[in-house]
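A.B. asks: One structure is given below, represented as structure tokens, and several questions about it will come after.
The values are calculated or read from the model by the stated rules, or taken from the named source; none is laboratory data. On a predicted model such as this, the values are computed, not experimentally measured, just so you know. Here the Cβ positions follow ideal geometry from the backbone for every residue, glycine too, while neighbour counts run over all protein chains shown. The accessibility values were calculated without ligands, DNA or RNA, using every heavy atom of the protein model including side chains. Shrake-Rupley method; radii C 1.70, N 1.55, O 1.52, S 1.80 Å.
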Amino acid sequence: MSAMPDRIRQAAQRAQADLADETTPLLRNAWYVAALAPEVSRQPLARRLVDIPVVLYRREDGRAVALEDRCAHRSFPLSRGQVVGDNLVCGYHGACYGADGRCTRVPSQAQVPPGAVVRSFPLIETGALLWIWPGDPALADPALLPAQPWMSDAGWASSTERLHLRASHVRLHENLLDLTHLSFLHANSFGTPDYASAPFETVLDEAAGRFSLHRTVSPTRLPPLWAVPTGLGGVDAARVVSSSFLSPALHVVAVKFYACALPEDAQPARAIRTAHLVTPESATRTHYFIQHARNFALDDAEITRFMHQQLLQAFQEDVDGLEAIETLLAGYPARQPEISFHADKASLAMRRWLKRQAEAEALSRAG
Ligand code: FES
Ligand SMILES: [Fe+2]
């Protein structure tokens, strides 16, 4: 017999059917981070992005190129070839491709056969990131780039990282909109016991596809990750957090800190921002890029190192947790539907939006 009453189970199943999950088609008409800029060089870099094998390299003048990583001749991965000048030469029979994906030379014959072309993807390099548009190139409007000015602003000291997640990108987005988990999953890193029950406000902008959660934890004691760099250790402090899904590729967490003993506007600015850059590799694998920044102690390399190392420990806890969920569900097809909490309001709205977008795009591709 089911532990869940039938009426509840059926209602939960109906609600869950509207939510994006690992079975939802991947959204391709969006800018996603393909790589951290220093990863792309004159050596071809293979990376599966939104279920497309892609090869990235740089031309002689430094401009980056993204091509489909499959030779038009016999599907040899072009990433196993060589960059010569601005071209990529296949390592199997030597077909030569330009940065636009057209084959310009076949060594064994005088003519290039018609149709010898691979996809070339729109790319934008800004700050520390290379963004790719894996969908319809006619829709690749640079104005849709979700990158924010602070991400390449000298007023913010940044560090970057690339993680890999053996779980769906939807789970990562949901994790980022649900910060009640800080008190538990991150109990040994940057969570505090009072975090989960602190009051919060949800802001849903369905038309723009933006979903945010604002939470103030005050008074609280800051964990070392924030107490050390802000100098607010051992005192009552406020931790003011906004967590925002801004696009299928970008989620920004912005945090301000101040000591409760002084009015907020009488204190030095101490803010941090983290761009969580989410690029599906496949339905159940995700590239997880991070750009973390602060607007104080800009020249202090030791603070950069300390915060980077502490944050990575915390984000690895997310990776481990989400992978545990994905692994469990992969081997458990006859499971019960999930039951949601009030704190899931923003993530449920985001998942409904993501599912509608993905299904509309899949439909337009099919048509
Ligand atoms: S597979 Fe690339 S040239 Fe033959
Ligand atoms: Fe987390």
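A.B. asks: Tell me, what is the FRET efficiency for D300 and D6 to the nearest 0.05, using R0 = 41 angstrom and their Cβ-Cβ distance as r?
C.D. replies: Working: r = 59 Å, r/R0 = 1.45.
Efficiency, from the Cβ-Cβ distance: 0.10.
A.B. asks: Sticking with this structure for a sec: Each residue of region 125-132 in turn: what ³J(HN,Hα) in whole Hz from Karplus with 6.51, -1.76, 1.60 and θ = phi - 60°, glycine and Pro shown as x?
C.D. replies: 9, 9, x, 8, 10, 10, 9, 10
A.B. asks: Full extension from Q316 to D61: what is 0.36 nm times the residue separation minus their Cα-Cα distance, to one decimal in nm?
C.D. replies: Gain on stretching Q316 to D61: 88.1 nm.
A.B. asks: Another question about this same structure. For a Förster distance of 56 Å, can you work out the FRET efficiency between the beta-carbons of R119 and D265, rounded to the nearest 0.05?
C.D. replies: Efficiency for this residue pair is about 0.60.
A.B. asks: Placing unit charges on C-beta atoms (Lys and Arg positive, Asp and Glu negative, everything else neutral), compute the dipole magnitude of region 41-122 about its Cα centre in debye, rounded to 20.
C.D. replies: Charge dipole, region 41-122, about its Cα centre: 140 debye, nearest 20.
A.B. asks: Here's another thing I want to ask about it. Compute the long axis of helix 345-366 from its Cα atoms, compare it with the longest principal axis of the Cα atoms of the chain, and write down the angle in degrees, 0 to 90, nearest 10.
C.D. replies: Taking Cα atoms only, the helix is inclined about 20 degrees.
A.B. asks: Would you be so kind as to identify which of L312, P122, T104 lies farthest towards the positive end of the dipole of the chain, taking Lys and Arg as +1 and Asp and Glu as -1 on Cβ and the Cα centre as origin?
C.D. replies: Checked the options; the winner is T104.
A.B. asks: For the chain, what is the charge dipole size about the Cα centre, in debye to the nearest 20, if Lys and Arg each add +1 at the Cβ and Asp and Glu each add -1 at the Cβ?
C.D. replies: Working: 36 positive and 39 negative charges, 173 e Å.
About 840 debye.
A.B. asks: Please report the accessible area of C260 (heavy atoms, 1.4 Å probe, ligands and nucleic acids excluded) in Å², nearest 10.
C.D. replies: Answer for C260: close to 50 Å² accessible.
A.B. asks: Right, next: Using only Cα atoms, find the angle between the long axis of helix 301-330 and the longest principal axis of the chain, and express it within 0 to 90 degrees, rounded to the nearest 10.
C.D. replies: Computed tilt is about 80 degrees.
A.B. asks: Rolling a 1.4 angstrom probe over the protein heavy atoms, how many square angstrom per residue are accessible across the chain?
C.D. replies: Per residue, the chain has an accessible area of 47 Å².
A.B. asks: How much solvent-accessible surface does W353 expose, in Å² to the nearest 10, with a 1.4 Å probe and all protein chains in place?
C.D. replies: Approximately 30 Å² of W353 is accessible to the 1.4 Å probe.
A.B. asks: Along the charge dipole of region 203-272, pointing to its positive end and built from +1/-1 on Cβ of Lys, Arg, Asp and Glu, which listed residue (P223, S243, V253) has its Cα farthest out?
C.D. replies: So the residue furthest toward the plus end is P223.
A.B. asks: Collect residues whose amide H, placed 1.01 Å from N in the peptide plane, falls under 5 Å from the amide H of L49; neighbours closer than 5 in sequence don't count.
C.D. replies: The answer is V54.
A.B. asks: Report the full-extension gain for the segment R335 to D18: residue separation times 0.36 nm, less the Cα-Cα distance, to one decimal in nm.
C.D. replies: 112.4 nm
A.B. asks: Which whole-number percent gives the relative contact order of the chain, counting Cα pairs below 8 Å spaced six or more residues apart?
C.D. replies: 20
A.B. asks: Using a 1.4 Å probe on the protein heavy atoms, what percent of the accessible area of the chain belongs to carbon and sulfur?
C.D. replies: The value for the chain is 53 percent carbon and sulfur by accessible area.
A.B. asks: Round to the nearest 10 and report in Å² the accessible area of E174, as given by a 1.4 Å probe over the protein chains' heavy atoms.
C.D. replies: Number for this one is 50 Å².
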